[in-house]
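Since every read-out is calculated from the coordinates, none of them should be taken as a lab result. A quick note: this is a predicted structure, and the numbers were derived from the prediction, not measured. Cβ: placed from backbone, ideal geometry, glycine included. Neighbour counts: every protein chain shown.
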Amino acid sequence: MLTPKYPRPDTPPPPAVTAPTVHTPVPVTSTPVVPAAPVSNRPIVQLTPGSALALAAGGGAVVLVVGAVLVSLLLAVAVTGVSVAVVAVVLRGLVNDLHKGR
């Protein structure tokens, strides 16, 4: 019931049996010209040890910059949360003082 049902694979038709024919060779007057493969216009990138090192250093710099930005955003959120909490405590104290009539 839960087993998958796969379609049957396509099978090629059986080869047709034909009688052998007599083949008479035709003389070739010229050889066909094979066109050369088209040359790509894209530049080939070759990494030398210096360029690989520069690429790794650039990647490391990007990781450090992105990490610093994310940490600073997290720090900004944390500071904002603490300041909102302090303001809430101060306002609570002021409201309690107003209700007590001081």
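Numbers below:
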{"read-out": "Within the range 61-76, backbone nitrogen closer than 20 Å to the virtual label 7 Å beyond the Cα of residue 90 toward Cβ", "value": "76"}
{"read-out": "Pair residue 45, residue 82: separation of 7 Å Cα→Cβ label points (nm)", "value": "4.4 nm"}
{"read-out": "Choice from 88, 16, 54 with maximal GNM fluctuation in the chain (Cα, 10 Å cutoff)", "value": "16"}
{"read-out": "Kirkwood-based shape ratio for the range 50-102, expressed as Rg/Rh from alpha carbons", "value": "1.56"}
{"read-out": "Options [x] 0.98; [y] 1.16; [z] 1.54 - which one matches Rg/Rh (Cα atoms, Kirkwood Rh) as calculated here", "value": "[z]"}
{"read-out": "Spin-label pair residue 17/residue 53, simplified geometry with 7 Å Cα→Cβ offset, distance in nm", "value": "7.4 nm"}
{"read-out": "Degrees separating the helix 49-100 axis from the principal Cα axis of the chain, which is the longest one", "value": "30 degrees"}
